[in-house]
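Undergrad: Below are the structure tokens for one structure; questions will follow.
Computed from the coordinates by the stated procedures, all read-outs in this text should not be read as laboratory data. Quick caveat: nothing in here was measured; it's all calculated off a predicted structure. All Cβ positions, glycine included, derive from the backbone under ideal geometry; neighbour counts span all protein chains shown.
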Amino acid sequence: MTQTSQTGDETGREERNERTRIERYDAVSIEPRWQARWAESGLYRTDLHDTTRPRYYLLTMYPYPSGDIHIGHWYTKTPTDALARYRRMHGYNVFFPIGFDAFGLPAENAAIKNKVNPRAWTLQNIENMRRQLRTMGATFDWDAEVVTCDPAYYRWNQWLFLQFLKAGLAYRAKAPVDWCPNDGTLAREQVEGTDRRCWRCGAQVEKRDLEQWWFRTTRYADELLDFTGIDWPEPIRIMQTNWIGRSEGGEIVFTTAPSDHHAGGEELRVFTTRPDTLFGATFMVLAPEHPLVEALTAPGRRAEVAAYVARARIATEIERLSTDREKSGVAIGAEAVNPVNGERIPIFIADYVLAGYGTGAIMAVPAHDERDFAFATRFGLPIRRVVAAPGTEGAPMTEAYIAHAADERLVNSGPYTGMPADEGGRAITAALAERGLGKAAITYRIRDWLISRQRYWGTPIPIIHCDRCGAVPVPDEDLPVLLPETVDYHGSGDNPLARDEAFLRVTCPSCEGPARRETDTLDTFIDSSWYWFRYLSPEKAGGPVDTALVDRWTPVDQYTGGAEHAVMHLLYSRFFTKAMRDIGLLHENEPFRRLFNQGQILGADGERMSKSRGNVQDPDELVQRYGADTVRLFLMFMGPWDQGGPWSPTGIGGISRFLNRVWTVAMDPHGRDAGDPEAGQLPAEQDRAAAEAALRSAAHRALRDVTADYEGFRFNTMVARLMELCNVLVRYRGTEAAGGEAWDEAVRLLLLMLAPAAPHITEELWSRRLAAAGRAPFSIHTERWPDVDPTAVVEETREVPVQVNGKLRDKVVVPADVTDADLELMVLAAPKVIAALAGKTPDRVIVAGGGRLVNLVVH
RNA sequence: GCCGGAGUGGCGGAACUGGCAGACGCGCCGCACUCAAAAUGCGGUGACCGCAAGGUCGUGUGGGUUCGAUCCCCUCCUCCGGCACCA
């Protein structure tokens, strides 16, 4: 007896275990199977020529192949993949490509450090990253892949460079670079410390002028300020606007005064936004690099001036530009003549005046400019007020007066005295213009784009230098100029290409005399400035882009990526689009119609994830433990996508449990859980019909909200809504409401809504459910996104919170279609409201938000 | 210094257009199931007072507007991002 009973128990337990094991959600076995099936069936290969459906070009910033995918890549890419799937379910022909930003410094550094070939290092990393990217279950169209270090890609960088050159959009000019006497040119990050030492040999680094290549970004300055037609986040637009930095003012011509060492009469042009303050100019400042400095310097001042110029060359950018630093400068022993009153003012050079902005020279008006004020104070120069609000004319100045008071007037300004400042400014500019001594002018902070890099691992600039013919473009038929495979990149800091004789020596295409190749390579930002166009025809041999496809498929409908690229990459991409338009390759003005900047995942320590800090989270181990769907959902659930934040795996178990519950309600509607005292019973006051109505209502309300959340990139609340719906299903599981039509519809909607975010489990459950129903269409990801049934969403009754003097006192349940007047009566009859009113009559009754809340005001 | 963004329970976060602060999840507490544990399920969980009913306080700080403010305005503080003498 005892024995039998024991055996019976054991059999029962085994049966249960057997059953749970078979039914268990096992992500690790499901996921690779579906990934293989999707790849085989070509589900995500986009037919770019299909015109039967509207196009949708979804672009995620392509990764740098650093070697390993980390959780940050998942964070940026899996929600974008969810969007791709979501759009497909809406009937769009979605193009969602991926590639690799494969040129750049890390490969070169790895080469030097580990004695590996940069190409081999990069290609191996790419291979590894492809494998890891596939584990995301993302719907990348791998057929469109672009790898920028492939000659098939970078030859078009070269071609575009030559076209830009032809169109006057590229040019060659001198520019200062960081120069080490031992190691040659250095990248900015190779200059260390405030005293500017070479990272390798420790020698003092200086600026040296080298001939370098530029793109004329300034030509598009005004057009780049125009954001009409693109839907970009306000902060990014502000950042770009500030970066371009348009300012309006005037250019005023001073002349040099004659002196005992100098005949005078040279023009000195200054740019100012405040021509109204011209009478307050008490000295002039030139940038140390200003071309006239040498000619104007008095013999007795030469030594001091030369020393100052030399010092300015070594100063770090930061040091030089720091606002806190005390002003420095020296007088050059010459004077300038103010065109408006003939006054002679001394000329200084000072490094607070920048050679690259405006004309590299300023008229200094210490009374009305902070920097000039600081300089004048330091060197004991006169400060003359020329703008004043009434009553402040004679007041001593302790700081520059900049603010614009409405009633301020010009003072000490000759014939202009008494005019409002802005009017006076216009009058002064006009008078000077008449005499040819000034004009209205606009300057920009943005500079042309310096594209030369003294680096190996990049696109060779297709130029040949000939002593007779100068800089000669490489003929089209000789493109690409291939990057030599094996060079000696282990040597000193100079560009290895410059030491490669085989690469260097070449005959001039023009005169066939001996010549040498350009050894600089292109800035890698060029690679990323047009790569999305190339995705459309990665194999195309006759040109960089297929114009017809570009016209049909761009601008990119949605671009997602980090805000750290707010200025550089996104501005260069806009420049390229306009430049490519102007040389006839395409017809759009903007590259990306809509932009979303997701946040960044930091290490658990709150710092940027990096191998050197040892705070990198490897997604592989999470995927092996929980499955890709769980990791995807967890990253989406963490918080708003644009926020990012420190990585913490805390809570991933909650997502895992959620997917298990989804599995359970989909697979086993009639099962019951031990431990629930009410298991199998409908909630009190609900019959089966009411329960089914509640199920439908919950499903359709979830659908309404989840749809809005996908549209708004609110993945965290999207997941939360799905959890709520799942919780409702769990509540009804095992009751008489389970397994019916309403139940099935709710499960179906849950799976469809979850499919973009968790593609594997939903595909598995979808196929099992349909197989059980005798059908097996593939796949859930080609299903149409469901429509909300508005009738399912309306509710019969509504709970209205009641406040007395703004404090919550009661809630009343009223019919959904109650009138304001009836609502007021019902509210006044509520017992707690009566108590709170303590016998008084309300002075005001406010029914707010269409009956959403009632507030009673009583004194 | 200037320009952006953000500060909400023990934690991640939610709150539509000015209308119930804390959805959803984590953690924690209690219970059920179990010989036991794990897993799972059920219930609770902002703070303070109270046996309870209930009350008071509460969205970085201080003020303002409003019947009503996490939300709008002003002051200040902290953190993050960008720019950094741009005349």
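Undergrad: Which three numbers, in whole Å and largest first, are the semi-axes of the equivalent ellipsoid of the range A:655-727 derived from its Cα gyration tensor as √(5λ)?
TA: Numbers: eigenvalues 128, 58, 17 Å².
After diagonalising the Cα gyration tensor, the semi-axes are 25, 17, 9 Å.
Undergrad: Here is a follow-up. Can you give the relative contact order of the range A:385-543 as a percent, counting alpha carbon pairs under 8 Å and 6+ residues apart? Walk me through the intermediate numbers first.
TA: Working: 188 pairs, mean separation 30.0, N = 159.
Reported as a whole number, the value is 19 percent.
Undergrad: Can you work out the FRET efficiency for the pair A:A389 and A:R435, with r the C-beta to C-beta distance and R0 = 22 Å, to the nearest 0.05?
TA: Details: r = 31 Å, r/R0 = 1.40.
The computed FRET efficiency comes out at 0.10.
Undergrad: What is the fewest-to-most order of A:T791, A:T392, A:T359 by other Cβ atoms lying within 10 Å of their Cβ? Show your work: numbers first, answer last.
TA: Numbers: A:T791 9, A:T392 14, A:T359 20.
Ascending number of Cβ neighbours within 10 Å: A:T791, A:T392, A:T359.
Undergrad: Run the Debye formula on the Cα coordinates of the range A:525-597, all scatterers equal and no solvent, and tell me log10 I(q)/I(0) at q = 0.25 1/Å.
TA: Calculated log10 I(q)/I(0) at the listed q: -1.24.
Undergrad: With a Förster radius of 22 Å, plug the Cβ-Cβ distance of A:A689 and A:V813 into 1/(1 + (r/R0)^6) and report the FRET value to the nearest 0.05. Mind showing how you got there, number by number?
TA: Details: r = 20 Å, r/R0 = 0.91.
With R0 = 22 Å, the Cβ-Cβ based efficiency is 0.65.
Undergrad: Shifting gears a bit: What share of all Cα pairs of the range A:363-500, in percent, falls into each consecutive 5 Å distance bin?
TA: 2, 8, 11, 11, 11, 8, 5, 3, 4, 7, 9, 9, 7, 4, 1, 0
Undergrad: Helix-only mean residue ellipticity at 222 nm, chain A, DSSP H runs n ≥ 4 weighted -39,500 (n - 2.57), per residue, nearest 500. What is it?
TA: On the way: 27 runs with 315 residues, N = 859.
One gets -11500 deg cm²/dmol as the mean residue ellipticity at 222 nm.
Undergrad: Along the principal axes of its C-alpha atoms, what lengths does the range A:329-423 span, in descending order and rounded to whole Å?
TA: Principal axes ranked by extent give 37, 27, 25 Å for the Cα atoms.
Undergrad: Still on this structure, I have one more. Can you tell me the orientation of helix A:27-41 relative to chain A, as the angle in degrees between its alpha-carbon axis and the longest Cα principal axis, to the nearest 10?
TA: Helix A:27-41 sits roughly 70 degrees off the main axis of chain A.
Undergrad: FRET efficiency for A:E266 and A:D642, Cβ-Cβ distance as r, R0 = 56 Å, nearest 0.05?
TA: Working: r = 54 Å, r/R0 = 0.97.
E between A:E266 and A:D642, to the nearest 0.05, is 0.55.
Undergrad: Oh, and also: Whole percent per 20 Å bin, from 0 to the bin with the longest distance: what is P(r) over all C-alpha pairs of chain A?
TA: 12, 32, 30, 20, 6, 1, 0
Undergrad: For the range A:426-495, run through the GluC sites (Glu not before Pro) and keep only the ones in DSSP coil with at most 16 other Cβ atoms within 10 Å of their Cβ. Can you show the working numbers first?
TA: Numbers: sites: A:E434, A:E477, A:E485; in loops: A:E485.
Hits after loop and neighbour filter: A:E485.
Undergrad: Mind pulling up the Rg/Rh value for the range A:409-449? Radius of gyration and Kirkwood radius, both on Cα. Numbers along the way, then the final one.
TA: Details: Rg = 13.8 Å, Rh = 11.8 Å.
Answer for the range A:409-449: 1.17.
Undergrad: Something else about it: Summing +1 for each Lys or Arg and -1 for each Asp or Glu, what net charge is found among the other residues whose Cβ lies under 14 Å from the Cβ of A:E234? Present the calculation step by step, with values, prior to reporting the outcome.
TA: Numbers: positive: A:R237, A:R594; negative: A:D231, A:D642.
With Lys, Arg at +1 and Asp, Glu at -1, the neighbours total 0.
Undergrad: Next question. Excluding A:W457 itself, calculate the net charge of residues whose Cβ lies under 11 Å from the Cβ of A:W457, where each Lys or Arg counts +1 and each Asp or Glu counts -1.
TA: Working: positive: A:R119, A:R453, A:R455; negative: A:E108.
Counting the neighbours of A:W457, the net charge comes to +2.
Undergrad: In degrees between 0 and 90, to the nearest 10, how far off the longest principal axis of chain A does helix A:688-711 point, with axes built from Cα atoms?
TA: 10 degrees
Undergrad: Another question about this same structure. Residues with beta-carbon under 14 Å from that of A:F658, excluding A:F658: net charge, scoring Lys, Arg +1 and Asp, Glu -1?
TA: Numbers: positive: A:R632, A:R657, A:R661, A:R721; negative: A:D629, A:E724.
Result for the local shell: +2.
Undergrad: Relative to the first principal axis of the alpha-carbon coordinates of chain A, what is the inclination of helix A:105-114, with its axis defined by its Cα atoms, in degrees from 0 to 90 and to the nearest 10?
TA: The two axes meet at around 90 degrees.
Undergrad: I'm checking a number: the convex hull volume of the Cα atoms of the range A:32-81, normalised per residue, in Å³. What is it?
TA: Working: hull volume 6.5 nm³, N = 50.
Measuring per residue, one finds 131 Å³ for the Cα hull of the range A:32-81.
Undergrad: Right, something else. Taking Cα centroids, how far is the range A:511-582 from the range A:817-859 in Å?
TA: Using only Cα atoms to place each centre, the spacing works out to 64 Å.
Undergrad: Find how many whole Å separate the alpha carbon centroid of the range A:82-160 from the alpha carbon centroid of the range A:33-73.
TA: 11 Å
Undergrad: Still on this structure: For the range A:522-659, what D do you get in µm² per second when you plug the Kirkwood radius from alpha-carbon pairs into Stokes-Einstein at 37 °C and 0.692 mPa s?
TA: Details: Rh = 17.8 Å.
For the chosen part, D equals 185 µm²/s.
Undergrad: Another question about this same structure. When you have a sec, figure out the Kirkwood radius of the range A:449-567 from all distinct Cα pair distances and drop it here in Å to one decimal?
TA: Working: mean 1/r = 0.0596 Å⁻¹.
Its Kirkwood hydrodynamic radius stands at 16.8 Å.
Undergrad: Can you grab the distance from the C-alpha centre of the range A:265-281 to the C-alpha centre of the range A:339-401, Å, no decimals?
TA: Their Cα centres are 11 Å away from one another.
Undergrad: For the range A:696-834, just list the percent of Cα-Cα distances falling in each 5 Å bin from zero outward, please.
TA: 2, 9, 15, 16, 15, 12, 10, 8, 6, 4, 3, 1, 0
Undergrad: While we're looking at this one, here's another question. Viscosity 1.306 mPa s, temperature 10 °C: Stokes-Einstein D of the range A:711-774 from its Kirkwood Cα radius, in µm² per second?
TA: Details: Rh = 12.7 Å.
Reported coefficient: 125 µm²/s.
Undergrad: If we count other beta carbons within 10 Å of each Cβ, what is the order of A:R134, A:R517, A:R53, A:R534, fewest first?
TA: Details: A:R134 17, A:R517 20, A:R53 13, A:R534 23.
Sorted ascending by nearby Cβ count, the order is A:R53, A:R134, A:R517, A:R534.
Undergrad: How large are Rg and Dmax for the range A:384-443 when only the alpha carbon atoms are used, in Å?
TA: 12.9, 36
Undergrad: Calculate the radius of gyration of the Cα atoms of the range A:766-859 to one decimal place, then report Dmax, the largest Cα-Cα distance, as a whole number, both in Å.
TA: When restricted to the Cα atoms of the range A:766-859, Rg and Dmax are 22.8, 70 Å.
Undergrad: Report D for the range A:748-796 in µm² per second (integer): Stokes-Einstein, Kirkwood Rh on Cα pairs, 37 °C, 0.692 mPa s.
TA: Values: Rh = 11.8 Å.
My calculation gives 278 µm²/s for D.
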